[in-house]
Amino acid sequence: MTDAQTLEATASRAARLGRTRVPWFSLAFLVIVVVSAIFAPWIAPDDPELGRLRDRLIPPFWQEGGSMDHIFGTDLLGRDVFSRVVFGARISLAVGFLSVAIAGTVGSIIGMIAGYYKGWVDALLMRLTDMTLALPLILMAIVLVAILGSPSFSKVVLTIVILRWAFYARQVRGETLAVMEQPYIDLARISGASTRRILFRHVLPNVMPSLLVLATLNVALIILVEASLSFLGAGIPPPTPAWGLMVAEGRDLIKTSWWVSIIPGVAIFLTVLAVNLAGDWLRDRVDPRLRQI
Amino acid sequence: MKRFLFVRFLQAIVSLFMLVTVVFFLVRLTGDPALRMIPPQATQEVADNIRRVFGLDKPVGIQYLIFLREVVLDFHLGTSQFFMRPVTDLLSMRIWASLQLAVASMFVAFFIALPLGVYSAIRRGSRFDYIARAFSIAGGSLPSFLVGLLLIRFFAVELRWFPICCRSEPLSIVLPALTLGWFVSAAFMRLTRSSMLEVLDAEYVKLARIKGVNEGLVIWKHALKNALLPVVTYSTVVFAAIVGGAIVVETVFAWPGLGKLLVDAVLTRDFPMIQGTVILIGAIFIATNFMTDILYGFLNPKIRFAR
């Protein structure tokens, strides 16, 4: 450990500068994305779903033929790409945070129960998590969306919760097992604390830090999954401006009008990168042990 | 070891059975599959005939038993409602394209990840390490459809080096394999780096150095050989994941693999096809996990000689 610390300390100036500034850059970017999601109607210059066929496929302002009226250009139906990207932040962030919050809550309650009762309850719940986590996420997501029928915002969230709770349940169960060995749990029980009190007052606060780190990193993954689902046509249906859907709509125009698909694609990349960097920084701060996951 | 393998084999069979059962009933949860095939203006007689041909006139429990018997005895997974052909025919046509793409992208991933992972472990904390780690986080954050589109834009549209899509000529595989391989290499690189760091700290590496073994030999022979163990194990899991999970990349490049088949089946609501594809991909997963256990036993004597 001391070896590593001296190494870190002598790391090049650039690396150190980067390491300290990156979280602030990414947090600043995240703030921009969150603000544009919340205040989308005031920030976007145009209605994201309103097409003007006369203004189709105008390039972004820095290219020939572009103007400041549509800084990121317009798509095939003449809709303003910048307004659609701003409104798209709503979908990505809402799906990301909401489904992680629900899956995290459900998963940690199930995980705490498994770690608390042990025995057959634990064995049964853990086989269930094995099964849920066995197949690739996007594959199962697209199948579930097909089974639930006509995709919508709430169905996408529900799908992700069904496929993702098990991830948190595993993690929380492991930590609960460790916490249950601590003497203060026995003391709490002797003093007459109920199961619910032990779980929420003594176990949960100990599990919380690593749960938060995992959840943050997972928001990035879920934003990617949502984007992939809508890219494949199995996510939130058009004309809602979801980023993945915008990339798909511009796919066939890649030869002539690259901005229709690349700009929302870059928006996904930067947002996911910012969440990942923030999560990474949080992990190093809170619990470097989690690096192994 | 024999006992261990036997138990794992039984577990694999049980998982496979559970998978088939869950998928069968999940697909039927959405309602009567016959309703999607019967045109609204059809007479009662036509409707009854369609039900009889697809075996949908019997109770669900009986349908399940017939389905199980057909899967086990004839390896028959039903008939696609869209293509009107046996699902197994369509799957066997597509699986080669998927396997080919998976192998090619694994090569790309190893080619990128191993040197980067090893060098950033050796020069831990250096500028190189920092850039390599930044690359790995950025790689994990890039949606693969964006990478695919950018590659198409530059290498297929501007430079015209490779075809834009499909699987028509030998060069067609380059761009999809690069996209998938790049995506996988981020995780590989991180794993190689951390596993290498752990091994470089081990006593036998220090001993080799004290003995005066050439530094290159220490790193590439003594250390890497052991550091590769978790990477190899992980790569088998990744391999299975990209045989079935390359959905997005296959869609971007119109690569005729299993993922594309599944997306098309979902979009046309062709449930026997969805059911068959999921069962096949699940079976590949279960089989790979089983083989990983065997492989792990061979590579790691601690497990081979236990029990």
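The values are calculated or read from the model by the stated rules, or taken from the named source; none is laboratory data. Please read all numbers here as calculations on a predicted model, not as lab measurements. Please note: Cβ atoms are built from the backbone with ideal geometry, for glycine as well, and neighbour counts cover all protein chains shown.
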Check: Looking at the range A:1-32, which of its residues are under 30 Å from residue B:194 (Cβ atoms) and modelled with pLDDT of 80 or more?
Finding: A:24, A:25, A:26, A:27, A:28, A:29, A:30
Notebook entry, point to check: Do the conditions hold for residue B:163, that is, is it part of a helix (DSSP H, G or I) and touching a helix residue (DSSP H, G or I) at 6+ places or on another chain (Cβ under 9 Å)?
Noted result: no
Notebook entry, point to check: When the range B:143-160 is examined, which residues are found to be under 17 Å from residue A:259 (Cα atoms) and not in a helix (DSSP H, G or I)?
Noted result: B:143
Notebook entry, point to check: Are any of the residues in the range A:108-126 surrounded by 18 or more Cβ atoms within 10 Å (Cβ to Cβ) and under 30 Å from residue B:261 (Cβ atoms)?
Noted result: no
Next item on the list: Evaluate the following for residue A:232: is it surrounded by fewer than 22 Cβ atoms within 10 Å (Cβ to Cβ) and hydrophobic (A, V, I, L, M, F, W, C)?
Entry: no
Check: From the list B:153, B:160, B:167, which residue is surrounded by fewer than 21 Cβ atoms within 10 Å (Cβ to Cβ), within 7 Å of chain A (Cβ to nearest Cβ) and farther than 30 Å from residue B:192 by Cα?
Finding: B:153
Check: Does the range B:102-126 hold any residues that are touching a residue at least 60 places away in the same chain (Cβ under 8 Å) and within 14 Å of chain A (Cβ to nearest Cβ), and which are they?
Finding: B:102, B:120, B:121, B:122, B:124
Next item on the list: Pick out the one residue from A:252, A:284 that is more than 16 Å from residue B:141 (Cβ to Cβ), surrounded by fewer than 19 Cβ atoms within 10 Å (Cβ to Cβ), within 11 Å of chain B (Cβ to nearest Cβ) and modelled with pLDDT under 85.
Entry: A:252
Margin query: Considering only the range A:227-239, I want to know if a residue exists there that is among the aliphatic types (A, V, I, L, M), under 20 Å from residue A:104 (Cα atoms), in contact (Cβ under 8 Å) with a residue 60 or more places away in the chain and away from chain B (no Cβ under 14 Å).
Written below: no
Notebook entry, point to check: within 14 Å of another protein chain (Cβ to nearest Cβ), outside any helix (DSSP H, G or I), touching a residue at least 60 places away in the same chain (Cβ under 8 Å) and of a type in the set (D, E, K, R) - does that describe any residue in the range B:190-213?
Noted result: no
Note to self: I need the full set of residues from the range B:127-144 which are touching a residue at least 40 places away in the same chain (Cβ under 8 Å) and among the polar types (S, T, N, Q), in order please.
What the structure shows: B:136, B:144
Next item on the list: Considering only the range B:218-266, state which residues are of a type in the set (Ser, Thr, Tyr) and within 10 Å of chain A (Cβ to nearest Cβ).
Entry: B:251
Next item on the list: Scan the range A:255-281 for residues that are part of a helix (DSSP H, G or I), more than 8 Å from every other protein chain (Cβ to nearest Cβ) and surrounded by fewer than 20 Cβ atoms within 10 Å (Cβ to Cβ) and report the count.
Entry: 2
Margin query: Could you list, ordered by first residue, the pairs with Cβ atoms under 7 Å in which the first is in the range A:56-83 and of a type in the set (Asp, Glu) and the second is surrounded by 15 or more Cβ atoms within 10 Å (Cβ to Cβ) and not in a loop (DSSP other than H, G, I, E, B), at least 6 apart or interchain?
Written below: A:75/A:81; A:75/A:249; A:75/A:250; A:75/A:260; A:80/A:74
Margin query: Against the conditions (1) in contact with a Phe, Trp or Tyr (Cβ under 9 Å, 6 or more places away or on another chain); (2) under 22 Å from residue B:285 (Cβ atoms); (3) more than 14 Å from chain A (Cβ to nearest Cβ), where does residue B:99 fall short? Just the number, please.
Written below: (1)
Notebook entry, point to check: Which residue, of B:231, B:263, B:278, is free of Cβ contacts under 8 Å to residues at least 24 places away in the same chain, touching a Leu at 6+ places or on another chain (Cβ under 8 Å) and not charged (D, E, K, R)?
Noted result: B:263
Item checked: Selection count where residues are under 30 Å from residue B:268 (Cα atoms) and basic (Lys, Arg), scope the range B:74-130 -> 2
Next item on the list: Quick one: in the range A:174-192, of everything that is touching a helix residue (DSSP H, G or I) at 6+ places or on another chain (Cβ under 7 Å) and over 21 Å from residue A:121 (Cα atoms), which residue is surrounded by the fewest Cβ atoms within 10 Å (Cβ to Cβ)?
Entry: A:184
Next item on the list: Considering only the range A:112-213, give the helices (runs of 4 or more DSSP H) lying wholly within it that have at least 3 residues that are at pLDDT 90 or above and more than 14 Å from chain B (Cβ to nearest Cβ).
Entry: A:153-180
Next item on the list: Provide a single number: the residues in the range A:154-172 that are in contact (Cβ under 8 Å) with a residue 40 or more places away in the chain and more than 15 Å from the chain's Cα centre (by Cα).
Entry: 5
Notebook entry, point to check: Any residue in the range B:274-294 that is in contact with an Asp or Glu (Cβ under 9 Å, 6 or more places away or on another chain) and assigned to a helix (DSSP H, G or I)?
Noted result: no
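Let's see how each residue does on (1) crowded, with 17+ Cβ neighbours inside 10 Å; (2) in contact (Cβ under 8 Å) with a residue 60 or more places away in the chain; (3) within 14 Å of chain A (Cβ to nearest Cβ):
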residue: B:18; (1), (2), (3): no, no, yes
residue: B:21; (1), (2), (3): no, no, yes
residue: B:24; (1), (2), (3): yes, yes, yes
residue: B:51; (1), (2), (3): yes, no, no
residue: B:55; (1), (2), (3): no, no, no
residue: B:63; (1), (2), (3): yes, no, no
residue: B:89; (1), (2), (3): no, no, no
residue: B:95; (1), (2), (3): yes, yes, no
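Report whether or not residue A:58 is part of a helix (DSSP H, G or I) and surrounded by 15 or more Cβ atoms within 10 Å (Cβ to Cβ).
no
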